[in-house]
Amino acid sequence: MINIAVFASGSGSNFEAVVRAERNGNIDGNVKLLVTDNANAFVIERAAPYNIPVYSFNPKLFDSKEAFERKILNKLEEYGIELIVLAGYMRLIGPTLLSHYEGRILNIHPSLLPAFPGLDAVGQAHDAKVKVTGVTVHFVDHGMDTGPIITQEAVKIDERDSKEEVQRRIQRIEHSLYPATIQFVIEKLKRSGG
Ligand code: GAR
């Protein structure tokens with residue numbers, strides 16, 4: 001079984017979707033740890049009923065990204081983490097974590113990348129009046145919402161749709177696409193020897 005850490009900064013609906021899939025046997029791994037940079041994030045409450053330990057840190061109390069990522073790395077090693085899943089973690093991953101987990105960090109983004117990277121991708125797509133947007137799961141590299149794409153799913157936007165409606169549709173897709181993609185990556189990792 002592959003040991004997974006989920007990183008999240010906010011509500012954590014994707015965190016919960018991943019944990020549920022793991023508990024239902026649809027992800028061949030163990031979600032061992034939640035890492036958050038926000039002590040007030042609702043995701044912390046979501047972790048409690050599943051008894052998932054939380055490592056919460058305040059980036060402002062560190063001198064540099066390298067310093068807090070070294071702390072995170074210690075935690076990941078303590079829990080034997082082999083795969084990192086970013087689920088609304090609103091920070092760039094730095095070289096400290098990237099160099100240890102190359103090809104083992106996934107991110108989900110609410111657009112069809114490379115369109116609409118960065119903050120409020122759903123709002124960006126809605127404002128641009130595109131007819132199609134969607135969800136992307138990709139491997140993480142040093143950039144913002146860049147890195148090799150693994151899966152994508154499209155969502156149509158009707159001109160009468162509010163941003164909130166598009167958001168709801170996108171999130172529904174995220175909650176099935178992310179667990180399925182995580183399982184796909186785990187199977188690939190297993191075939192390549194771990
Ligand atoms: C998700 O929609 C995810 O795609 C997005 O943050 C949201 C987190 O929701 N991530 C990004 O925009 C990354 N650039 P959640 O906290 O309910 O899972």
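Numbers at a glance
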read-out	value
Some residue of the range 38-55 being within 16 Å of the chain's Cα centre (by Cα) and under 19 Å from H138 (Cβ atoms)	no
Every residue from the range 21-44 that is more than 12 Å from A8 (Cα to Cα) and either of a type in the set (D, E) or touching a Ser or Thr at 6+ places or on another chain (Cβ under 8 Å) (or both)	E22, D28
Close pairs (7 angstrom Cβ cut-off, 6 or more residues apart or separate chains): over 30 Å from V166 (Cβ atoms) in the range 97-111, assigned to a strand (DSSP E or B) and among the aromatic types (F, W, Y) anywhere	G103/F139
Those residues of the range 153-174 which are in contact (Cβ under 8 Å) with a residue 40 or more places away in the chain and over 14 Å from the mean Cα position of the chain (by Cα), in sequence order	A154, K163, V166, Q167, I170
Selection from the range 119-153 of residues that are open to solvent by less than 40 Å² (accessible area, probe 1.4 Å), more than 19 Å from V185 (Cβ to Cβ) and near the ligand (Cβ under 9 Å from one of its atoms)	A121, V122
Residue count, the range 157-194 (criterion: away from the ligand (no atom under 16 Å from the Cβ) and aliphatic (A, V, I, L, M))	3
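The values are calculated or read from the model by the stated rules, or taken from the named source; none is laboratory data. Everything numeric in this text was worked out from a predicted model, so none of it was measured. So basically every Cβ, Gly included, is an ideal-geometry build from the backbone, and we count neighbours across all protein chains shown. Accessible surface areas use protein heavy atoms only, side chains included; no ligands, DNA or RNA. Shrake-Rupley method; radii C 1.70, N 1.55, O 1.52, S 1.80 Å.
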